[in-house]
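Visitor: So that we are looking at the same thing, I have put the structure below in structure tokens.
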Amino acid sequence: MTATFESTTSTTALGGPDLPQERRLVTAIPGPKSQEHLARKKQYVSEGVSNGLPIFVVAGGGGVLVDVDGNSLIDMGSGIAVTTVGNAAPEVAARVIDQVQRFTHTCFMVTPYDLYVDVCKELDELTPGDHAKKSALFNSGAEAVENAVKIARHYTGRNAIGVFDHAYHGRTNLTMAMTAKNMPYKHRFGPFANEVYRAPLSYPFRDPKGMTGEEAALRAIDMWDKQIGADNLSCVVLEPIPGEGGFIVPAEGFMHTLQEWTNEHGIVFVADEVQSGFCRTGEWFASNHAEFVPDLITTAKGIAGGMPLAAVTGRAEIMDSVHPGGLGGTYGGNPVACAAALGSMEAMRTHNFAARARAMESLMRARLTEIQAKHPVIGDIRGRGAMMAIELTAPGTIEPDAARTAAVNKHCHSQGVVTLTCGTWGNVFRFLPSLAMSDDLLNEAFDVVAEAFDATA
């Protein structure tokens, strides 16, 4: 549709799939009410908490967000891959409402409840591999990663951690050390935890021409062998598709070669699937694409349809190596969040969202290829499923173009499409639509993206 600006405003009380699935602009973005709310935010909220698009949301559902001014925006970010099944999805909302009326907290470590066990059972069955598995629940992706490292260290009796360039693992002290990018995640927050060793990732767009996944893996292995020694590594932690680093899809053979080496040396291989998990890539987990079976897998974001929940799932013998009381947390596996997770996974099965993600990839890749043909500033199109990205560079080079990226992003926002940037150099667009979004709405979002490239050329 053509966006129009009107003087009237509307109020939407409820979200979910019944929310009109349309882009509707009744004010400029951000509108006057959002600006008023932003001034209030500035008064009461730390400046350290920033906003990519300062609209204030009152409802969300399907593929749209509605703000306080009555604008309806197409949401291509899903709260950074969280509302995968759609905001206020009925399967999630119904279970949350039911549970919140029963009890909201006991602390599983004090008085347990079945919902926690039910989620762990689902994770044990859904995650890659047919070996015996067990899980533990936490609140955030960073918590999950940090606990995976704790478990790996305890199991192996070793301290060192292997990580990769372009990685993002969280904002706690240890996960900041594991994260590659300085701004905004690490700047002046140190000193960081030690015994973290970084190696090059397989990055097909930027690696030497013709480098295979196996060669890229051997490059990392050689660095760790020489600098640390394999027998000192507790774990290697890898995002199968790095998120904040730019949705980089490693070359075929990369993870398989790494796994052979970690298996040989008793190193725990951890897949950080916080952003890529739960049907986002067209499989339940991105590891499935590479026929990669991690020893431990961390999940969060899309697991619970918007409620805070995270998990570590892995080989039973590794998970059980930790002494009783060594894992947990006051809110870990909160019953309301667990209910939401069961609803989210129900929705993924009922609607076959893995297949939907694959169909969305075909549509997005086709639209992005059309835009690239007209705008060679798009140096690379990559991703899997509904986790797609484009990298902007000076045409014919790998020189990042962060300025054009920012300009396109600003134009999309002004026209009612929520877009997200990422990448080590800030020159990557990532597209993370809800799997409940219609093709019509998805196409309209890319109409705006195409217009943004034209307007900023």
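None of the figures in this text is laboratory data; all of them are computed from the coordinates on show. All of these numbers come straight from a predicted model, not from anything done at the bench. All Cβ positions, even for glycine, are placed from backbone atoms using ideal geometry, and neighbour counts span all protein chains on display.
Visitor: Can you tell me the relative contact order of the chain? Whole percent, Cα pairs under 8 Å, sequence separation 6 or more.
Guide: Result for the chain is 21 percent.
Visitor: Expressed in nm to one decimal, what extension gain is obtained for the pair N159 and H131 from 0.36 nm per residue of sequence separation less their Cα-Cα distance?
Guide: 7.5 nm
Visitor: So who's got an amide H within less than 5 Å of the one on V64, skipping anything under 5 residues away but keeping other chains? H placed 1.01 Å off N, in plane.
Guide: D75
Visitor: Would you mind calculating the gained length between F189 and D222 on full extension (0.36 nm times residue separation, minus the Cα-Cα distance), in nm to one decimal?
Guide: 8.8 nm
Visitor: Among DSSP beta bridges whose residues both lie in segment 92-350, state the antiparallel percentage, nearest 5.
Guide: 40 percent
Visitor: Could you give the nm distance between label points at N288 and A359, where each point is 7 Å from its Cα heading toward the beta carbon?
Guide: It works out to 1.7 nm between the two label points.
Visitor: Starting from the exponent 0.38 and prefactor 2.2 Å, build the expected Rg for segment 249-354 from its residue count and divide its actual Cα Rg by it.
Guide: 1.18
Visitor: A follow-up question, please. In what sequence do V96, V57 fall when counting other Cβ within 10 Å, fewest first?
Guide: V57, V96
Visitor: Taking neighbour Cβ counts within 10 Å as the exposure measure, how do S344, S414, S46 sort from fewest upward?
Guide: S46, S414, S344
Visitor: Further, regarding this structure: What nm distance separates the two modelled labels at D98 and E22, each placed 7 Å from Cα along Cα→Cβ?
Guide: It works out to 3.4 nm between the two label points.
Visitor: Another question about this same structure. For an R0 of 56 angstrom, estimate the FRET efficiency from the Cβ-Cβ distance between K42 and D320 and round to the nearest 0.05.
Guide: Computed FRET efficiency for K42 and D320 comes out at 0.70.
Visitor: What is the projected area of the convex hull of the Cα atoms of segment 197-274, averaged over all directions, in nm²?
Guide: With the hull built on Cα positions only, its mean projection is 5.0 nm².
Visitor: Please work out the Cα center distance from segment 222-293 to segment 41-65, rounded to the nearest Å.
Guide: 33 Å
Visitor: If you average 1/r across every pair of different Cα atoms in segment 74-116 and take the reciprocal, what Kirkwood value do you get, in Å?
Guide: It works out to 12.5 Å.
Visitor: Taking only C-alpha pairs under 8 Å that are 6+ residues apart, what is the relative contact order of segment 330-457 in percent?
Guide: 21 percent
Visitor: Compute, for segment 155-301, the length of the dipole vector about the Cα centre, with Cβ point charges of +1 (Lys, Arg) and -1 (Asp, Glu) only. Units Debye, rounded to 20.
Guide: 800 debye
Visitor: Please state the charge dipole magnitude for the chain, taken about the Cα centre, from unit charges on C-beta atoms (+1 on K and R, -1 on D and E), reported in debye and rounded to the nearest 20.
Guide: Computed charge dipole of the chain: roughly 1020 debye.
Visitor: Also: Principal axes first, then extents: for the Cα atoms of the chain, list largest minus smallest coordinate on each axis, whole Å, largest first.
Guide: That works out to 66, 60, 43 Å along the principal axes.
Visitor: Would you list the P(r) distribution for segment 44-98, with all Cα-Cα distances sorted into 5 Å bins from 0 and each bin expressed as a whole %?
Guide: Percent of Cα pairs in each bin: 4, 17, 22, 22, 18, 12, 5, 0.
Visitor: Just to be sure I follow the rule: in segment 92-350, considering lysines 8 or more places apart or on different chains, how many pairs have Cα atoms under 20 Å apart?
Guide: Taking segment 92-350 as the scope, the lysine pair count is 6.
Visitor: Now a separate question. Along each of its three principal axes, how wide is the spread of alpha-carbon positions in segment 92-350, in whole angstrom units, largest first?
Guide: Per principal axis, max minus min of the Cα coordinates gives 57, 40, 37 Å.
Visitor: Further question on the same structure: Which FRET efficiency value, to the nearest 0.05, do you get for D231 and M109 by plugging their Cβ-Cβ distance into 1/(1 + (r/R0)^6) with R0 = 25 Å?
Guide: With a Förster radius of 25 Å, E is 0.15.
Visitor: How high is the relative contact order of segment 92-350, in percent, counting Cα pairs under 8 Å that sit 6 or more residues apart?
Guide: Once normalised by length, the contact order is 31 percent.
Visitor: Which log10 I(q)/I(0) values, to two decimals, does segment 141-283 give at q = 0.09, 0.13, 0.15, 0.18 Å⁻¹ under the Debye formula with one point per Cα?
Guide: Relative scattering, expressed as log10 I(q)/I(0), comes to -0.25, -0.53, -0.72, -1.06.
Visitor: Spin-label point model (7 Å from Cα, Cβ direction): what's the A394 to T350 distance in nm?
Guide: According to this spin-label approximation, the distance is 5.3 nm.
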